[in-house]
Each structure stands twice: as C-alpha cells, then as structure tokens.
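S.K.: Let me give you the structure first, and then I'll get to my questions.
Where a number appears in this text, it was derived from the coordinates with a stated rule and is not lab data. In this text the structure is predicted, and so the values were computed from the model without any measurement. In this analysis, Cβ positions are derived from the backbone assuming ideal geometry, glycine residues included, and neighbour counts consider all displayed protein chains.
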Amino acid sequence: MTQSFTPRPLVIAPSILASDFSKLGEEVRAVDQAGADWIHLDVMDGHFVPNISYGPDVIKAMRPHTKKIFDAHLMISPCDPYLEAFAKAGCDHITVHAEAGPHLHRSLQAIRALGKKAGVSINPATPVSAIECVLDLIDLVLVMSVNPGFGGQAFIRSAIGKISDVRAMTAGRPIDIEVDGGVAPDVAGQLAAAGANAFVAGSAVFKGGTVEAYKTNIAAIRNAAAAARGEAI
Ligand code: DX5
Ligand code: ZN
C-alpha cells in the first residue's frame, strides 16, 4: 500500500443488545468499567429489520449509568420522526441506514441540526457508492458485517473489502469507520488493517457475564486491532 492515512482512534463499542436486559443499568456500568469506549445501542422496529429491541425511553433510563458516548444505531424506517427523541434521550451519535428512506440527506442534516454526530450505515448487500453523496454530512460510516436484526450471526467476509473502499473514499476526512456484526478477536486484526477504527461487538463482549469477563473480552478485541495498526498493546 502506498497511500497513507491518519488513523482515527481505536474504539471498542459493546452492543447492549447482547446484555442481560433485566439489569440494563448494571450492564452499562459493567462494560464502562471493563474498558468500553462507546456504548452501542441497537434500535430495531420490526419493520426495517425482523426484530424489535428498545427505543428512546429505555436509552434515557440507561443514560445516567455512564458518561461514555452513546452510539445509537437506528434500524428503523422511517427514522426522521424519531430523531429528536433519540437526541433528547442522550444519544451522542445517531446512525441511520442508507436503505431506510429516500431522503438520506434530510435525515443526516436533521441529526446535525440536533447537535449530534451523524452516521450512515450500509447493509452487506449495499454498495459503498451509496454513501458517496453524503460525505460532507457524516461523522461516521457503519459497515454492517451481518444483515441487521440479530446478535450472534456469522461474520460476512466481504465487509473487509468494503471497509478498504470506505477508507479510500473518506481519506483525509474526520470520519470514523465502524464495523458491526460477528466481530471478535479473530477478525478484528483484518478489519483494522482494512481501515476500521471502531469495533462493535455484542456476543464477543458479553460472553461470560461478569465485569472480569467483559474486561478480558474487550481487551482481546482491542489488542488484535491495535497489533494490526502497529500500536503498542
Ligand atoms: C445487529 C446489530 C449488532 C449486533 C452485534 O443487527 O446491529 O450491533 O448486536 O452483535 P454480535 O456482535 O453478536 O454480532
Ligand atoms: Zn448495531
């Protein structure tokens, strides 16, 4: 590779979807203590994706349990009527899907107008060109490495090539490249080498069910990614 890129900070974002919903506040505090950088919040509507998770009121209830960044991933359509509620609930990043509606610019502009960082996500079958027209409006690209809707699915390898393409497309811009779905230490190195700097992980973080286990699990992903980035562990 001849092109050089300024690396964005390495971020591990545990997905609360894989936590024990009967004790959400405790789980948020546990991953915070275990070294999470962002808290990834998967919002599903049973329409855009074939599953229903939680909405703004549940996120609002989690908010007092950590000062870490709330990274909301909206798998909902339409999304525009709900953006303000997610902003008010305490989300710092609001990511919408490029496939979720016909007016992507409007959604991203609305997120920024609410004072939040705007992200765009693309499903595994959506080409990277879908984000080409909105590069000036985004702070984050979320590349899905599973079809959204459920945790615990197998990693789709074609995401790695898409991340390289997103990196080339966003070079020189202050845009985080996040990957979501089936992320575990075994693929984190390849994803980091391709250009991902933010790693969402649900099952790979929450397995074990204790703060100690979460700490070990987060460190394993971080170390694999850091090594591929040539950073000290
Ligand atoms: C899938 C969600 C993911 C999911 C990841 O629709 O967007 O954030 O929770 O879970 P794992 O890491 O188990 O694939
Ligand atoms: Zn997600």
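S.K.: Pick out, from the range 109-222, the helices (runs of 4 or more DSSP H) lying fully within it that include 2 or more residues that are more than 16 Å from ligand 2 (Cβ to nearest atom). Reasoning before the result, please.
M.R.: Numbers: elements: 158-170, 185-194, 203-206.
Result: 158-170, 185-194.
S.K.: Output the residue which, of all residues in the range 20-71 that are within 13 Å of ligand 2 (Cβ to nearest atom) and hydroxyl-bearing (Ser, Thr, Tyr), is surrounded by the fewest Cβ atoms within 10 Å (Cβ to Cβ).
M.R.: Of all residues in the range 20-71, those within 13 Å of ligand 2 (Cβ to nearest atom) come to 38-44, 48-49, 51, 53-54, 70-71.
The next check asks that each one be hydroxyl-bearing (Ser, Thr, Tyr); those that pass are 53-54.
Working: SER53: 21, TYR54: 17.
The extreme case among them is TYR54.
S.K.: To continue, here is another question. Quick check on the range 101-113. Is at least one of its residues in contact with a strand residue (DSSP E or B) (Cβ under 7 Å, 6 or more places away or on another chain) and within 19 Å of ASN197 (Cα to Cα)?
M.R.: Taking every residue of the range 101-113 in turn, none turns out to be in contact with a strand residue (DSSP E or B) (Cβ under 7 Å, 6 or more places away or on another chain) and within 19 Å of ASN197 (Cα to Cα).
S.K.: Of the numbered conditions (1) within 15 Å of MET75 (Cα to Cα); (2) within 14 Å of ligand 1 (Cβ to nearest atom), ALA154 satisfies every one except a single condition; which is it?
M.R.: With (1) within 15 Å of MET75 (Cα to Cα); (2) within 14 Å of ligand 1 (Cβ to nearest atom) applied to ALA154, the lone miss is (1).
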